Amino acid sequence: MRSLAILGLFVLASCGTNANGPSLAERPAEAIDPRLPVGSAEPDLGQLTIEAQLADIRARANSAISAYEALLLETFELVSVAGPPGSESWVTAQEAVSLLEVARAPLPIALGDLDQLITVPIGAEGWSSPADREAARRVMQALLMIDAQQASTIEEMSIRLAN
């Protein structure tokens with residue numbers, strides 16, 4: 001009788017489903033023909049190999065810069081006429097500064113992605129191309145300068161509203 005009860009528990013336990021189990025769908029690596037040659041030729045020393053990634057980072061950063069600049073003048077005006085803390089005009093100015101921060105948020109994210117793009121190849125295999133290093137350095141310098149200026153402007157507005 002006891003063995004029948006244990007058998008019943010095993011049967012009931014096997015009826016459950018495991019929603020966290022691995023997928024049986026084809027993985028991307030399984031779609032690659034294993035007969036194809038592996039690897040590729042090393043790039044030339046002057047060849048830019050991260051051009052597409054840099055273009056994507058620049059596009060996202062430029063979008064954030066445009067969004068920031070579109071809101072900047074109106075935010076300056078609202079901050080300059082803001083009344084004492086807690087007043088309606090002060091709340092409106094605080095909201096405008098918050099929207100300005102949200103508009104510029106993709107820029108620091110793009111900078112983080114650029115930093116990762118720069119540091120991962122160095123740590124893994126070193127730079128494959130001096131052109132990559134120089135192009136990434138130029139983009140990083142330009143975006144860091146814009147990011148610092150935007151952060152400083154928002155900080156000044158926040159200080160103005162705090163007083």
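The values are calculated or read from the model by the stated rules, or taken from the named source; none is laboratory data. Since the model is a prediction, treat every value here as computed from it, not as a measurement. Quick reminder, even Gly has a Cβ in these numbers, built from the backbone with ideal geometry, and neighbours come from all protein chains shown.
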Kindly evaluate Leu7 against the criterion of being at pLDDT below 95, assigned to a helix (DSSP H, G or I), more than 25 Å from Gln141 (Cβ to Cβ) and more than 28 Å from the chain's Cα centre (by Cα).
yes
Do you know which residues across segment 51-92 are aliphatic (A, V, I, L, M), closer than 18 Å to Thr153 by Cα and in a helix (DSSP H, G or I)?
Ala61, Ala64, Ile65, Ala67, Ala70, Leu71, Leu72, Leu73, Leu78, Val79
Tell me whether segment 74-91 contains one or more residues that are at pLDDT 95 or above and closer than 22 Å to Leu143 by Cβ.
yes
Give me a count of the residues in segment 72-113 that are in contact with a Lys or Arg (Cβ under 9 Å, 6 or more places away or on another chain) and aliphatic (A, V, I, L, M).
6
Which of the residues that make up segment 82-101 are over 17 Å from Ala151 (Cα atoms) and surrounded by 13 or more Cβ atoms within 10 Å (Cβ to Cβ)?
Ala82, Ser89, Trp90, Val91, Thr92
Which one of these is modelled with pLDDT under 95 and buried (at least 16 other Cβ atoms within 10 Å of the Cβ): Ala136, Ala162, Ala67?
Ala136
The residue that is farthest from Phe76 (Cα to Cα), considering only those in segment 139-159 that are exposed (fewer than 14 other Cβ atoms within 10 Å of the Cβ) and among the acidic types (Asp, Glu), is Glu155
Cβ contacts < 7 Å: first residue in contact (Cβ under 8 Å) with a residue 40 or more places away in the chain, restricted to segment 64-80; second residue crowded, with 17+ Cβ neighbours inside 10 Å and of a type in the set (Lys, Arg), any location; separation 6+ or different chain. Result?
Ala64/Arg104; Tyr68/Arg104
Among residues of segment 102-119 being within 14 Å of Ala70 (Cα to Cα) and buried (at least 17 other Cβ atoms within 10 Å of the Cβ), the residue farthest from the chain's Cα centre (by Cα) is Ala103
Taking into account only those residues within segment 43-64 that are among the charged types (D, E, K, R) and modelled with pLDDT of 55 or more, which is farthest from Leu100 (Cα to Cα)?
Glu51
Val79 vs. criteria on the phi < 0 side of the Ramachandran plot and exposed (fewer than 15 other Cβ atoms within 10 Å of the Cβ):
no
